[in-house]
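The values are calculated or read from the model by the stated rules, or taken from the named source; none is laboratory data. Predicted model only: the values in this text are computed from it and were never measured. Note that we place each Cβ from the backbone using ideal geometry, even for glycine, and neighbour counts take in every protein chain shown.
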Amino acid sequence: MSVVEEAQAALPERALLAQDKARVLREALPWITRWADRTVVVKVGGSVGQGETTSRMEAAFAADVALLRSVGLHVVVVHGGGPQISHLADRLGLRSEFVDGRRVTDHAMLEAVRYVLLGQVNPRLVGLISRAGAAAVGIAGTDGQLVTAQPADRELGYVGEVARVDPRVLCSLLDDGVVPVVATVARGPDGQDYNINADTVAAALASALRADKLIYLSNVAGLYDAFGSRDRSLLSEVHVADLRAMLDTGQIVTGMVPKITGCIDALEQGVGQAHLLDGRVEHALLLEIFTDAGVGTMILPSPEAAATPAERAT
């Protein structure tokens, strides 16, 4: 045994654990340096961390967001609230009906959506991120004309699409070192409020900000090849052209369609990368951004469109 090996073997367990942490920091440092001052839009779904694990996973997510802000990243959080809306609707005796993954929203359901997103989920996330050490402010698409909506389909009721984004309120908050936490209720030119899919809003905000990353956290590990078969395998990296082919051949299941179309739209509008991550994995954000291996599925522009003058960091 060499002198180095003898010294290593003599270390107490506490020192060995500290040594592991030092290795993690050494691996993370180049990534921290690379991503400082860059903008990341993170969409977190309402179904991440179900049951008794919800509080722990929400707290871990908030701590990760606070850490990203503390090392210089500009972070925008966009949230959903589907399970919570369905739960409230059941309590109120409202029927939950979906068409192509979108919730049919009459006046009563819109009030339930507003109550959950603006009165429950948004302030809870703001409080968690603030307690984790980062300044956070809750806003909605209706604030500062952040998101202007247009009706999606008359049969869906008060369900909207993104007509326009004015990111000035986000830019102001980010310049002040604040984490904006965005609820996806938006207003149309007629003054009517609309419920908009949070995946769609996250992509639109990332595009307007020219974000470096768009990250979707959900309850799946990422994008799979041969999804639904025994031979399925997790795709660690795909390009926009691959996603278009998968959409054309029906390989993308309904619930993933808004995320995939959001990734395509964002990357074609200048966003550097998009990621599909498993929000049930503790510290998935940090693993993706600050480690060599990453997790989930990374989506890149098609090779012929990927090059930019600045050659965005990977």
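Points to keep in mind about this one:
- Looking only at residues in the range 97-110 that are surrounded by fewer than 16 Cβ atoms within 10 Å (Cβ to Cβ) and at pLDDT 90 or above, the one that is nearest to Gly255 (Cα to Cα) is Asp106.
- Residue satisfying condition, being among the β-branched types (Val, Ile, Thr), in contact with a Lys or Arg (Cβ under 8 Å, 6 or more places away or on another chain) and either farther than 28 Å from Leu286 by Cα or surrounded by 19 or more Cβ atoms within 10 Å (Cβ to Cβ) (or both), within set Ile85, Ile129: Ile85
- The range 80-127, residues that are at positive phi and of a type in the set (S, T, N, Q): none
- Among residues of the range 223-237 that are closer than 21 Å to Gly279 by Cα and charged (D, E, K, R), those with a Cβ under 6 angstrom from a residue that is surrounded by 11 or more Cβ atoms within 10 Å (Cβ to Cβ) and modelled with pLDDT of 75 or more, sequence gap 6+ or separate chain, pair up as Asp225/Leu235; Arg232/Tyr224; Glu237/Met298.
- Checking Val78 against (1) closer than 22 Å to His283 by Cα; (2) touching a residue at least 60 places away in the same chain (Cβ under 8 Å); (3) assigned to a helix (DSSP H, G or I), the condition it does not meet: (3)
- Test: residue in the range 180-190 that is in a helix (DSSP H, G or I), among the hydroxyl-bearing types (Ser, Thr, Tyr) and more than 17 Å from Leu73 (Cβ to Cβ): no
- Residue list for the range 126-177, filter: charged (D, E, K, R) and over 30 Å from Asp106 (Cα atoms): Arg131, Arg168, Asp175, Asp176
- Condition met for Ser55 (part of a helix (DSSP H, G or I), surrounded by fewer than 16 Cβ atoms within 10 Å (Cβ to Cβ) and among the polar types (S, T, N, Q)): yes
- Where a residue in the range 158-171 is farther than 14 Å from Arg210 by Cβ and in contact (Cβ under 8 Å) with a residue 24 or more places away in the chain and its partner, wherever it lies, is basic (Lys, Arg) and in a strand (DSSP E or B), with Cβ under 8 Å and at least six apart: Val159/Arg102; Val159/Arg103
- Long-range neighbours under 9 Å by Cβ, at least six apart or interchain, first residue farther than 14 Å from His79 by Cα within the range 118-132, second modelled with pLDDT under 95 and acidic (Asp, Glu): Ala132/Asp64
- Scanning the range 146-172 for residues that are assigned to a helix (DSSP H, G or I) and surrounded by fewer than 20 Cβ atoms within 10 Å (Cβ to Cβ) yields Arg154, Glu155, Arg168, Val169, Cys171, Ser172.
- Count of residues meeting criterion [surrounded by 15 or more Cβ atoms within 10 Å (Cβ to Cβ) and either of a type in the set (Asp, Glu) or at pLDDT 85 or above (or both)] in the range 290-314: 6
- The set of residues in the range 27-46 being assigned to a loop (DSSP other than H, G, I, E, B) and modelled with pLDDT of 70 or more consists of Ala36, Asp37, Arg38, Gly45.
- The range 47-63, residues that are modelled with pLDDT of 65 or more and either of a type in the set (A, V, I, L, M, F, W, C) or closer than 14 Å to Val181 by Cβ (or both): Met57, Glu58, Ala59, Ala60, Phe61, Ala62, Ala63
- Qualifying residue in the range 231-244 (condition: in a helix (DSSP H, G or I), on the phi < 0 side of the Ramachandran plot, under 17 Å from the mean Cα position of the chain (by Cα) and crowded, with 21+ Cβ neighbours inside 10 Å): no
- In the range 199-212, the residues that are touching a residue at least 24 places away in the same chain (Cβ under 8 Å) and in a helix (DSSP H, G or I) form Cβ pairs under 6 Å with partners that are surrounded by fewer than 24 Cβ atoms within 10 Å (Cβ to Cβ) and among the hydroxyl-bearing types (Ser, Thr, Tyr), at six or more places apart or across chains, as follows: Leu209/Thr39.
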